[in-house]
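Here the structure is laid out as structure tokens; the discussion comes afterwards.
Since every read-out is calculated from the coordinates, none of them should be taken as a lab result. These numbers were taken from a predicted model, which means no experiment stands behind them. Methodologically, a virtual Cβ is constructed for each residue, glycine included, from the backbone with ideal geometry; neighbour enumeration extends over all protein chains shown.
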Amino acid sequence: MVPLNLRAGSVRDIPKEFWTPESLSVIASTVGHPIKLDKLTETKKQREFRRACVEEDAKSELPDKVSVLIDEDYTIQVKFEYNWVPVKCKNCLVFGHIINTCSMVDLSITHKDIKHQE
């Protein structure tokens with residue numbers, strides 16, 4: 001797992017009543033395990049977007065957006081941006097290297113297959 005800074009869309013995407021730490025943590029949990037909110041987000045001084053630090057599992061994919069069900073009739077789309085995403089091997093699903101440097105790659109995989117997976 002690795003901590004990532006998550007920028008959750010513009011404030012227009014998230015209704016003001018959901019700017020609470022609890023609601024933002026629920027939204028952040030769609031990406032990974034929420035660790036903490038950005039200080040400006042906590043104090044509601046950041047007006048453009050909401051930011052959280054989440055811990056992501058290497059086996060999961062980072063979504064660009066999610067649908068959040070507010071109530072039976074109301075769903076919002078929240079777009080995500082990441083200020084940095086570590087490299088992740090598509091073979092062993094470990095952060096820190098790519099498939100062509102993976103020590104666990106099956107030697108029967110061809111160079112063409114490796115290029116296709118990058």
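Here are a few things to note about the model shown:
- Unsatisfied cross-links (Cα-Cα over 18 Å) in the set LYS45/LYS79; LYS16/LYS44; LYS36/LYS65; LYS65/LYS88; LYS16/LYS79: LYS45/LYS79; LYS36/LYS65; LYS65/LYS88
- Residues SER67 and HIS97, FRET efficiency given R0 of 30 Å [Cβ-Cβ distance, rounded to 0.05]: 0.35
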